Amino acid sequence: MIVRVSLEIALRKEFDYLIPAGLAGQIEVGNRVQVPFRSRKIYGTVTALAEESAHPGLKPVLKVIGAQTLVTPKVLKLARWIAEYYCCAPEIALKSVLPEAVRKKKETEEGWKKQLYIRALPVTGEFPKLSKRQQEVWNIIEERREILLTELVELAETTAATVRRLEDLGLVEITSQISERDPYAREHILPTQPLPLNPTQAAALEKIKVAMKRSEDGGLKMEAGKRGPASSPQPPSSTFLLHGVTGSGKTEIYLQALAHALEQGQGAIVLVPEISLTPQTVERFKARFSSGKLQTLVAVLHSHLSAGERHDEWHKIRQGRARIVIGARSAIFAPVEPLGLIVVDEEHEHTYKQEEAPRYHARDVAIMRGQMENAVVVLGSATPSLESYYNCKKGKYTLLELPERVDNQKMPHVRVVDMRQAARGEKGVPIFSPQLKEAITQRLERGEQTILFLNRRGYSTALQCPKCGYVAQCPNCSLALTYHRPEQKLRCHICGFMDAVPAACPNVKCKNPAIRYAGLGTQKVEETLAKLFPNARVRRMDADTMKRKDDYRKTLGDFRVGKTDILVGTQMIAKGLHFPNVTLVGIIYADLALHQPDFRAGERTFQLLTQVAGRAGRGDVEGEVFVQAFTPFHPAIQYARRHDFTGFYEQEIEFREQLKYPPVSRVALLTLRGRNEDKVKFSAEHLKRELEKNLGTAPASGAVVSAPADDTELFGEGAKQDTRGACAPPKKSFYDLIICGPAPAPLLRAETFYRYQIMLRTRAMSKLSQTLAKIIETLSLPEDVTLSVDIDPVNLG
Ligand SMILES: [Zn+2]
Ligand SMILES: [Zn+2]
C-alpha cells in the first residue's frame, strides 16, 4: 500500500511513500506521519491511500503520530477546495485547518496537562497515629475526598513531603491525572431557558428546522444537479440569510436552532467576529446548554486562548464531548461530526476574511462546508453584505426577515447634520456641530450616557472640500482618489489614473482655496470634549488605548455601571454592545468611511452607521443618533437614517452593475511587493502581459480588454447574458474578464515596501483561480519581489 502525504513545508506538491509492514493497517487518511525527505525527517498529513504509485523507488513512512487522526476526511476535502479556489499551496490550506497547539504536538509530548491529585483512601484496620500537622492536612483531604496537590499545599499551608508521608501511611493515593483547562472556569454561569418567540421569530425558526429535517433525510442530494459547479461557493437552498434589525432577537433563534440540532443528534458551529466574542456572548451560549436534557460542553475557539486551552478545547470537540463550538474565523474547521448546523453571525463582517495565506473567507467556507456535509447554514446580520442579499435575490439563499425589535423597542431617531454649514461660521471646521453639542449637554444633565464614534483608518484618505463636500474621484472607476501628501498628487489605485491636487475646490460654485482638510482623530475628540464639558467623565477606546487584553473589558465594565458619561471610540465600539442607559450616539465625521478608495465604501458606511445607531435606545428611553457629514445627502447616509436596507441595496447594486464590481462579478487582487520600486513596477507590468497572453487565448470570445476606458462597452453584452440561472453550465471562456492596473497600492511604501496591484474581475472565478495558479507557477520574478493573490478581497488596500 502507498500513502500520499502533504508535507509541512511549502512545496505545492504531495509525495508518495510506502507503508512498511510494521505499520500496515495503522495509517488512515488524516493521520499525521513522519517521513524521510532528502536527508531530513519531516512531518506531514496523509491525504490519500493508493494501491500503486507512478513513482519508482519509494521510501517508507517512518512513524505514525498519535492514535487518532487529526484531520477528518471531510475537513481534508474542505482544505483542498480552499487551496484550489483561493489559489494557495495545499499544505498551507491544510495547515490552517488545525490549530497550531494541536498540530505542533510531537509524538513524545503529552498535549493534555497532567497534574497530581490526592485522593482519600478508605481506612481499613486501625487508624494510624498522626501528628497535629498531619491531622489537619488529613482533615481537609477527607472532607474534599479528592483535591489537587497544588491546591492542598496552598490551602493547608503544608508541603508535598507531608502529603507523601500520608501516602506512606496508606491514607491517601497520589495519582497523575489529566486536568482539562477550561478558559471559562472562573465565570459563574447560570442556566437559561428558551425565551418565547414572537410570530416572525417563530416563523423563521420553523423554516430553519424544516431545512434541517430535509438535510438529514438527504433531500439535498437529489437537488445536487441544480447547484452548478461544485468548485465555487454555490450553496444549496438550505443556506439562509437572517436579516434582522438591531435588537430583533436573532441570537434567540440561533440558540433554539442549536437546541434542535442537538435533539437530532447533530453538532453545530457558531461563528462570531473576534471582537464580538466577549465573555457575555460566550456566556449566553454556555448558559443555554449547561443543564437539562440537551446538556453538552460548548467549546470556545479564539485567538486569546493559551495554546494549552486551545489544545484541550479542540480535543473535546474531536472526541465528540463538545457538540457545540463557538469561535472566530478558524472555528469553521472544527472537527464536529455529524454537523447539522452552521451559524455565521454578523456575516457582513470583514474580519471573516483571513488577510494572510490562505486568504479564505470564513462565511464562504461555511457555505461550502454546509454543502459538502449537508448541514444547514444560517447567515445573520442587521446589515447583510451585498453578496449575501444578492444571492437571496438570485434564489440561491432563502431570505428570512425580522423587521421589528423585540419588546416593542423603537428604532432610534437618526438626524443628519450638514457639516458644511457648521464649517462656514467659525474659523476652520469644528468637531462638534451646535446640534450635537446641545444633545450631549442634555444627556449630561439627565444622567444618561453618550457614545461618540469616529471611524479612522490609517492611510491617507480622500481629498474633500469642507465647505461644499466635493470629493475628488477617478473618472474611470467612480472611486475616491487617494491623496498622496508628499507628492501632492491624486491617484486611483485601481486603474492608475493620476491628477494634480487642485489649488482650489473644482466646484465652480465653491472655489474654496482651503480644500486640503486635514481630518482628525479620537484623541482630538477627547481633548475637545474635555474643554467643552470639563465635568464630564470621558473615556477613549481605540487601538492606542486598548493595548492590554483586559483594557477592553475594564473600559466597557466601567461604562456599563455608569462610571463613564461619554465613551469615544473607533470601530471597536460599533457592534454588539448593549447598554440600556445609552440614549445618544454621535458619529463625528461620517465621510471618513464614505470616501475610502474602495467600491465597498458606501456599503461599509451604511453598515457602520446602522450598527452604531443600533447602540442607542436599547433601554426604555428612545435613542437619538446624530450623523455629522460633509456629504449629508449621500445615499449611504440617507438610507441609514431611515433604517432602509432594501432601499440602499437597490441603488447600490445599480452602481455595482454599471462598473461590474462584486457581487455582480468576483475580484482577484494580485499584489507585487518589494523594496525597489522600479523592480516592483517592472514585475507588475511583466505579470500583466503574461495574464493578457494566457487569459487572452481562451477559446472563441475570449476578449480581454484592459480597463478602464472600455469597461462599459465590453460589459454591455456580458451583462445581458447574466440571466442564466444557477443551473447553467459553467462558462468556457473568460469572456467577461477585466484586467485593471498595474497601479500603486494606496499604502505605497508602507513599511518601506513598494506595492503594485493588478485587479481582475470575472464571473468565472473558480476557473480563473486554476489558470492563475498555472501562470504563477511558471512566472519568474526577481528574488526580492513577492507576489500575493487575494481572491474575493475585502480590503483593496
Ligand atoms: Zn468646495
Ligand atoms: Zn480609476
Which GluC sites (Glu not before Pro) in the range 1-105 pass both tests, a DSSP loop state and at most 14 other beta-carbon atoms within 10 Å? Glu28, Glu51, Glu52
Solvent-free Debye scattering, log10 I(q)/I(0), computed from the Cα coordinates of the range 528-628 at q = 0.12, 0.22 Å⁻¹: -0.43, -1.31
If the convex hull is drawn through the Cα atoms of the range 8-64, its volume per residue in Å³: 92
Log10 I(q)/I(0) at q = 0.14, 0.18 Å⁻¹ for the range 464-612, from Debye over equal alpha-carbon scatterers, is -0.84, -1.12
Expressed per residue, the solvent accessible area of the chain in Å² (1.4 Å probe) is about 44
Give the Debye-formula value of log10 I(q)/I(0) at each listed q (0.10 Å⁻¹), with one equal scatterer per alpha carbon of the chain, two decimals each. -1.19
Based on the Cβ-Cβ distance from Glu677 to Lys511, what FRET efficiency comes out when R0 is 30 Å, to the nearest 0.05? 0.25
DSSP bridge pairs, the chain: antiparallel proportion in percent, nearest 5: 50
Range of Cα positions in the range 367-444 per principal axis (Å), largest first: 62, 33, 20
Using a basic spin-label model with each label point 7 Å from the Cα along Cα→Cβ, how many nm lie between Ala24 and Asp551? 6.2
Give the ranking of Arg491, Arg548, Arg560, Arg755 by solvent-accessible surface, highest area first, calculated with a 1.4 Å probe. Arg548, Arg560, Arg491, Arg755
Under 18 Å between alpha carbons, and skipping anything fewer than 8 positions from Lys286 in its own chain: which aspartates and glutamates qualify? Glu180, Asp182, Glu187, Glu252, Glu263, Glu274, Glu309, Asp312, Glu313, Asp345
What trypsin sites (Lys or Arg not before Pro) does the range 182-214 have in DSSP loop regions with at most 12 other beta carbons within 10 Å? Arg186
Quick tally, 1.4 Å probe accessible area for Thr296, Thr450, sorted with the most first, runs Thr296, Thr450
Got a number for the accessible area of Arg553? Probe 1.4 Å, square angstrom, nearest 10. 130
A 1.4 Å probe over the protein heavy atoms gives the range 259-310 a carbon and sulfur accessible-area percentage of 52
Asserting the computed 222 nm helical MRE of the chain (DSSP H runs at least 4 long, -39500 (n - 2.57) per run, divided by residue count, to nearest 500) equals -9500 deg cm²/dmol
With R₀ set to 25 angstrom, the calculated FRET efficiency between the beta-carbons of Glu690 and Lys13, to the nearest 0.05, is 0.65
Gain in span if fully extended, Ala202 to Gln68, counting 0.36 nm per residue against the direct Cα distance: 44.1 nm
Listed residue pairs exceeding 23 Å between alpha carbons, taken from Lys531/Lys563; Lys316/Lys396; Lys293/Lys316; Lys13/Lys59: Lys316/Lys396
Measuring from label point to label point, each 7 Å out along Cα→Cβ, what is the Gln651 to Leu149 span in nm? 7.1
Whether the range 298-357 is rounded, prolate or oblate, judged on the alpha carbon gyration tensor where a/c under 1.5 counts as rounded: oblate
Where in the range 759-774 is the amide nitrogen less than 20 Å from a point lying 7 Å along the Cα-to-Cβ axis of Gln658? 761-762
Once the convex hull of the C-alpha atoms of the range 331-409 is built, how many Å³ does it hold per residue, rounded to a whole number? 123
Flagged links, alpha-carbon separation over 18 Å, of Lys693/Lys767; Lys207/Lys250; Lys467/Lys511; Lys437/Lys547; Lys489/Lys509: Lys437/Lys547; Lys489/Lys509
How many percent of the accessible area of the range 70-205 is carbon or sulfur, using a 1.4 Å probe? 53
Using the basic label-point model (7 angstrom from Cα toward the beta carbon), what is the Glu274 to Ala773 distance in nanometres? 2.7
Loop GluC sites (Glu not before Pro), the range 751-784 (other Cβ atoms within 10 Å of the site Cβ: 13 or fewer; DSSP): Glu783
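The values are calculated or read from the model by the stated rules, or taken from the named source; none is laboratory data. Since this is a predicted model, take the numbers as computed values, not measurements. Positions of Cβ are generated from backbone atoms using ideal geometry, with glycine treated the same way; all protein chains shown enter the neighbour counts. Accessible surface areas use protein heavy atoms only, side chains included; no ligands, DNA or RNA. Shrake-Rupley method; radii C 1.70, N 1.55, O 1.52, S 1.80 Å.
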